[in-house]
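Asks: Below you'll find the structure I mean.
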Amino acid sequence: MKIIKNVLNKKDLEVLNKEFLNPFFPWYFYDFTAYEGYDNFKVKGVYEAPQLTHGFIKNGEILSPAMLQQLGPVLDNIYKNIDIQKIIRMKLNLQFPHNFKKNQIFNTPHYDDIKTPNLKIIIFYLNTCDAYTYFFKGTKVNKKIKVEENTLVCFDGTTLHAGSNPKKSPHKLCLNINYI
């Protein structure tokens, strides 16, 4: 696992946040954080909450050509120092505070895609909030990383992981990239 802080310059980060948080950005509603049918795990502490997403690339195919054309140069700066042969999936997630019940800690642990050999994952946090990304060894939390603005987390696609919603912060905004 690699964690890189201060990935973008201040101007590029502002450009992305301004675009993604503008009231006309095309968000799509999902009742869940981990797609059904994926390799998800139900373990103690799990909850599901709705989120908004925007898919840029899915299964290697561009879903949002206008957005990628407009923001591509800035997005490229996020992963410019990472050896990427092909982006399999790129999506943006927007999560809001959730009314947690006792002992609810994280969203459904999952693998993004176990069918693609040599898959790697990048999570890029666009804001700081009181949420975490959890990483598992077996079904136990092995590590948790606080959501901090302008931080990139790169890890192997065979790593079971889960996000979480903020409790008090107004939102959590992160970019998820699957690549080989």
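Every number here is computed from the coordinates shown, using simple stated rules; none is lab data. Values in this document were obtained by computation on a predicted structure and should not be read as measured data. Note that each Cβ is placed from the backbone with ideal geometry, even for glycine, and that neighbours are counted across all protein chains shown.
Asks: Name the long-range amide H neighbours of N107: under 5 Å, sequence gap of 5 or more, or other chain; modelled H, no Pro or chain starts.
Replies: It is Y47, G163, S164, N165, by chain and number.
Asks: Can you list residues from other chains, or at least 5 along the same chain, whose modelled amide H is less than 5 Å from the amide H of I88?
Replies: Here N178, Y179, I180 satisfy the definition.
Asks: When the Karplus curve 6.51 cos²θ - 1.76 cosθ + 1.60 is applied with θ = phi - 60°, which whole-Hz ³J(HN,Hα) does each residue of region 164-171 get, with x for Gly and Pro?
Replies: 8, 8, x, 9, 10, 5, x, 6
Asks: Mind ranking 110-119, 20-29 by how tightly packed they are, going by the mean number of other C-beta atoms within 10 angstrom, highest first?
Replies: For the peptides 110-119, 20-29, the packing ranking is 110-119, 20-29.
Asks: Which of the pairs K18/K140; K140/K168; K18/K86 have their Cα atoms more than 30 Å apart in this structure?
Replies: Result: K18/K140 exceed 30 Å.
Asks: Using amide H atoms built 1.01 Å from N in the peptide plane, name the residues 5+ places from N150, or on other chains, whose amide H lies under 5 Å from its own.
Replies: It is Y125, L126, N127, by chain and number.
Asks: Hey, another quick one. Sum -39500 (n - 2.57) across every DSSP H segment of at least 4 residues in the chain, then divide by the residue count to get the 222 nm mean residue ellipticity, nearest 500.
Replies: Calculated mean residue ellipticity at 222 nm is -4500 deg cm²/dmol.
Asks: Let me ask something else about it. Write down Rg/Rh for region 52-101, rounded to two decimals, with Rg from the C-alpha atoms and Rh from the Kirkwood relation over Cα pairs.
Replies: Across region 52-101, the Cα-based Rg/Rh ratio is 1.09.
Asks: Report ³J(HN,Hα) in whole Hz for each residue of region 64-80, in order, from the Karplus equation J = 6.51 cos²θ - 1.76 cosθ + 1.60 where θ = phi - 60°; Gly and Pro get x.
Replies: Result, rounded to whole Hz: 10, x, 5, 5, 5, 5, 5, 9, x, x, 6, 4, 4, 5, 5, 10, 5.
Asks: Find out how many positive minus negative residues lie around I177, taking Lys and Arg as positive, Asp and Glu as negative, among other residues whose Cβ is under 9 Å from that of I177.
Replies: That works out to +3.
Asks: Stick to Cα atoms and the Kirkwood definition of Rh, then tell me Rg/Rh for region 1-90.
Replies: With Rg and the Kirkwood Rh in hand, the quotient comes to 0.99.
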